[in-house]
Amino acid sequence: QVQLVESGGGLVQTGGSLRLSCAASGTIFSINAMTWYRQPPVQEREMVAIITSGGSTNYADSVKGRFTVSRDNPKNTVYLQMNSLKPEDTAVYYCSAVRLKKTRWDLDPQDYWGQGTQVTVSS
């Protein structure tokens, strides 16, 4: 059983900061990449940031320069530092573990998702 639990969401004013955390637990040998997605009200889910096991990162254009993704591999935890927040950043933020292997010999790695955490930025 693998679980991803996000935390750190909340209500913040425009220009403020929040730090989201996502911890994966259970039977885990390795995780290829960890991502943050968000889903604003009545909109499609969109990728915000991704970080590979080697530390390579990529960001949506809308958050470049404001958000920073980091990862603690031994703890299977990913973070999203969000600065200079804007009302359009309001969304439910989800993390995912991409191609998670439960054992070294796992031939069918799966993707797992957390339950989401609400971020609301007031104007």
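Read the figures in this text as sums done on the coordinates, not as results from a lab. Fair warning: this is a prediction, and the values are worked out from it, not measured in the lab. Note that we place each Cβ from the backbone using ideal geometry, even for glycine, and neighbour counts take in every protein chain shown.
For the stretch 47-79, name all the residues that are in contact with a Ser or Thr (Cβ under 9 Å, 6 or more places away or on another chain) and exposed (fewer than 13 other Cβ atoms within 10 Å of the Cβ).
Within the stretch 47-79, Gly55, Gly65 qualify.
If a residue must be over 16 Å from the mean Cα position of the chain (by Cα) and of a type outside the set (A, V, I, L, M), how many such residues does the stretch 67-119 contain?
Total meeting the criteria: 14.
Is it the case that Ile31 is assigned to a strand (DSSP E or B), more than 16 Å from Gly8 (Cα to Cα), in contact (Cβ under 8 Å) with a residue 12 or more places away in the chain and touching a Ser or Thr at 6+ places or on another chain (Cβ under 6 Å)?
The answer is no for Ile31.
Residue-wise test of (1) within 20 Å of Leu11 (Cβ to Cβ); (2) among the hydrophobic types (A, V, I, L, M, F, W, C); (3) part of a strand (DSSP E or B); (4) touching a residue at least 24 places away in the same chain (Cβ under 8 Å).
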site	(1), (2), (3), (4)
Gly65	no, no, no, no
Val69	no, yes, yes, yes
Ser96	no, no, yes, yes
Gln118	yes, no, yes, yes
